[in-house]
Structure formats: C-alpha cells, structure tokens
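**Student:** This is the structure, below, for whatever I ask next.
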Amino acid sequence: MILCPICLNEFTWSEDELYERTPAGQYKPLSLKNVTGPLREDLLRAAHVRCPEPVADPSLEHHLPYAYVRHGRPLVIGLVGGPETGKTHLLAAMIGAIEQGGLRSYGLTTDAVDIERHVEYVNTYVHPLMVDHVTLSRTSHTATAELADALLVNDGRHTTAVAFFDIAGELLRSSTHEATRFIPAVGGLIFVIDAATKSARMGDESFRAVLDRLPKTNGRLDVPAAIAVTKSDSARFHAPVDSWLYDEQERLDQVDVLKESRDVYAFLHLRGAQAWLSPYDKCHRCTLHFVSATGGSATEGRFPRGVRPRRVLAPLISLFAMAGVLDGYPEMGI
Ligand SMILES: Nc1nc2c(ncn2[C@@H]2O[C@H](COP(=O)(O)OP(=O)(O)O)[C@@H](O)[C@H]2O)c(=O)[nH]1
Ligand SMILES: [Mg+2]
Ligand SMILES: [Zn+2]
C-alpha cells in the first residue's frame, strides 16, 4: 500500500497497468510487452500509474509517476508547525541546498520523482528565495497535508522516494477522516519552532494535534522526528546558537548531533519552552537542530543582505539516518 500524494488515499498498483503521458498531457496505456533492455528502462522512467481512488468522478482522475512507487514505500516527511513559523521558507531552503549538491558529502544522489512537478516547485519557491531574495508569499492551506516536492534519493545501493508534505497542524483539530488520512503514511516528522517566538510557554497546537494522532508503542511514537529551531539567525548573538549556526563542517556526525541536540534542548528549556519539547518527550527517536532558512530577516518582502541558509539539511540528514535511508550511517537516535 502506498499513500497517494495527491488525494491522500492508500492504494495498490499493478505493473501490468502503466500509462504514458502524451505531449498534450493525456494519459494512454503503455504496453511494455516484448520491450526489453535500455528502451524498457527509458519507458519505465517516464511511465505513470493511475490512482484508483476517483471512481465516481472521472474529472478527478490522476496519475502518479511510476518512479514514486517502484522503489517500495516512499518515505513521507511531514513538516509540522503553526502558521508563520517558517515551514515554507525552510523547505524551499532545504530543496535549494539539495539542488546545490548538499547531500553529496553523505554519498547520496537525488533525482526528481516527477520532473515537471519539481521544476514547478523550484520556480515557485526555491528560485524566488535563493536567487531573487524575496519572501515567499503565505501559503493558504486548503488541505491538512499538501505535497510540496518529491525526490528519489539514492545511497549507491537503494533508491527511496522521499515526499515532503507541509502539514497544516491548525487544520488537524477536526477529527474527520479527511484530516487524518495521511497519518499512517508518515515516516518522519520535522517539527518547526520559530526561534524568535514570544509565546513559548503555550506550546504549539499543531504539534499536539499530530503527536496525539500518531500510533504509539509504550506511549511513544515510533516515527523518527527532528525538531528544527528555525530563524535561529534572530538568536545568533546567544551562545551556543552562533557556534552551531556558523559551523562550516561539511558532514554531520553522530557526536555533534548529540551535542547540538543537548544545546537546543537547553536553549528551549531556558526560555520556558518546555511545551515545545513535547516531540522530544513523545518520540522514541528525536534530534534537535538550530537552523536558518534565510540567514537574516526580511524587510518589505526582501532579504536585503541576500539569502544564506544555515544548516538546513541537518534535520533531514538526521531523519534519513533514523529512517534507514542513509545506509551505513551510524544510528543517530538519541
Ligand atoms: N529571520 C528569519 N526569518 C524567516 C526565516 N524563515 C522564514 N522567515 C520569515 O518568517 C515568515 C513566515 O515564514 P513562512 O515560511 O511563510 O512560514 P509558514 O507559515 O510556517 O510556512 C516569512 O515572512 C519570512 O520572512 C529565517 O530563517 N530567518
Ligand atoms: Mg507556509
Ligand atoms: Zn490519488
């Protein structure tokens, strides 16, 4: 069973029923009978499967790249946090850093799952932020979980499809089926905290909504989690935030992740932000990170000193290690 990133239903698919996309954007059945060798591989790379969900209304019919399903269960990563915490900028900075080869030092290579979709994400989010240095407009959520982008990550041995979802925690309060559908498929969570927030004591409703809904063993979630304290540039004059943020080390190692997690924990604890630490308390494996999507704050919709993301891939690397995508990397759960 695989979660459809478009309609959030779980479905099974069959290799005998593949489609190809015509230049006009239509889908027509693709037969690979008697096709072998490199041609077959070429056709498979561009092939699609049909999501069986919209039975009643053919206008809602949709297809998924075969690349998304062919490597087994995709790793679905959800970014969780209240409005304006910095999720959209963080994800854009992460994908931007991956595009610039930020995973190479870990022996990972990436490809787009769906080239058109990825190009659209880059043009809408990554390029405006990283090249034009403008703030990204507020995302208005229509669904509880929305697919932002999906990548194929290869560690030299296995390929895993990784899908990034922006989870609107504020919409999770309703207990409808609609709101909870994506939950069984989540394989990793990034809890986003705004370092500049003034209302630390209150905790975050979106965290609670997600933590309460995910299945637990012995009272704790099995899904690995990373807490990303973003906008850390706004706390850069506080030790030890500065030393982590401007650390130029190319590769994270397990010892550093442990040390940084302790420092972030202390940072939040000192600010009376115990409620923000609930993911740490409720997940078997959780690491904590200082990150900055932009490197500085915006004035009138622009980043006047440019955009320099800091350590944005650290939470992701840590999740990859915990979720087993990063083969041969030491178990990093703490
Ligand atoms: N100083 C600073 N500001 C940020 C950073 N990331 C986002 N912001 C600002 O925070 C605001 C909300 O960010 P956004 O990503 O839209 O939040 P979302 O609602 O959680 O998706 C934006 O207007 C950004 O200018 C950061 O790393 N540093
Ligand atoms: Mg957003
Ligand atoms: Zn679907």
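The values are calculated or read from the model by the stated rules, or taken from the named source; none is laboratory data. Note that the structure is a prediction, hence the values are computed from the model and not measured. A quick note on method: Cβ atoms are made from the backbone with ideal geometry, for glycine too, and the neighbour counts reach across all protein chains shown. The accessibility values were calculated without ligands, DNA or RNA, using every heavy atom of the protein model including side chains. Shrake-Rupley method; radii C 1.70, N 1.55, O 1.52, S 1.80 Å.
**Student:** Evaluate the following for Ser59: is it outside any loop (DSSP other than H, G, I, E, B) and within 16 Å of ligand 3 (Cβ to nearest atom)? I'd like the intermediate steps shown before the answer.
**Tutor:** Values: outside any loop (DSSP other than H, G, I, E, B): yes; within 16 Å of ligand 3 (Cβ to nearest atom): yes.
Yes: the conditions hold for Ser59.
**Student:** Just a yes or no: is a residue in segment 88-95 touching a residue at least 24 places away in the same chain (Cβ under 8 Å), assigned by TED's automatic domain parsing to the domain that holds Leu252 and under 24 Å from Arg157 (Cβ atoms)?
**Tutor:** yes
**Student:** Also, quick follow-up: Has segment 70-86 got any residue that is touching a residue at least 40 places away in the same chain (Cβ under 8 Å), open to solvent by less than 70 Å² (accessible area, probe 1.4 Å) and touching a His at 6+ places or on another chain (Cβ under 7 Å)?
**Tutor:** Looking through segment 70-86, none of the residues is touching a residue at least 40 places away in the same chain (Cβ under 8 Å), open to solvent by less than 70 Å² (accessible area, probe 1.4 Å) and touching a His at 6+ places or on another chain (Cβ under 7 Å).
**Student:** Regarding segment 45-53, can at least one residue be identified that is open to solvent by 20 Å² or more (accessible area, probe 1.4 Å), within 16 Å of ligand 3 (Cβ to nearest atom), among the charged types (D, E, K, R) and within 26 Å of Thr142 (Cβ to Cβ)?
**Tutor:** yes
**Student:** What's the number of the condition Glu53 fails, among (1) assigned to a loop (DSSP other than H, G, I, E, B); (2) touching a residue at least 40 places away in the same chain (Cβ under 8 Å); (3) within 15 Å of ligand 1 (Cβ to nearest atom); (4) acidic (Asp, Glu)?
**Tutor:** (3)
Results for (1) open to solvent by less than 30 Å² (accessible area, probe 1.4 Å); (2) not hydroxyl-bearing (Ser, Thr, Tyr), shown as yes or no for each residue.
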| position | (1), (2) |
| --- | --- |
| Cys7 | yes, yes |
| Ala24 | no, yes |
| Lys28 | no, yes |
| Thr36 | no, no |
| Arg40 | no, yes |
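**Student:** For Glu99, indicate whether it is away from ligand 2 (no atom under 16 Å from the Cβ), open to solvent by 30 Å² or more (accessible area, probe 1.4 Å), in the same structural domain as Thr124 (by TED's automatic domain parsing) and not β-branched (Val, Ile, Thr).
**Tutor:** Taking the combined requirement at face value, the residue satisfies it.
**Student:** Kindly list the number of the only condition in (1) under 30 Å from Met130 (Cβ atoms); (2) part of a loop (DSSP other than H, G, I, E, B) that fails for Leu32.
**Tutor:** The single condition Leu32 does not satisfy is (1).
**Student:** Count, please, the residues in segment 266-306 that happen to be within 16 Å of ligand 2 (Cβ to nearest atom) and either in contact with a Phe, Trp or Tyr (Cβ under 6 Å, 6 or more places away or on another chain) or in a helix (DSSP H, G or I) (or both).
**Tutor:** Within segment 266-306, residues that are within 16 Å of ligand 2 (Cβ to nearest atom) and either in contact with a Phe, Trp or Tyr (Cβ under 6 Å, 6 or more places away or on another chain) or in a helix (DSSP H, G or I) (or both) number 1.
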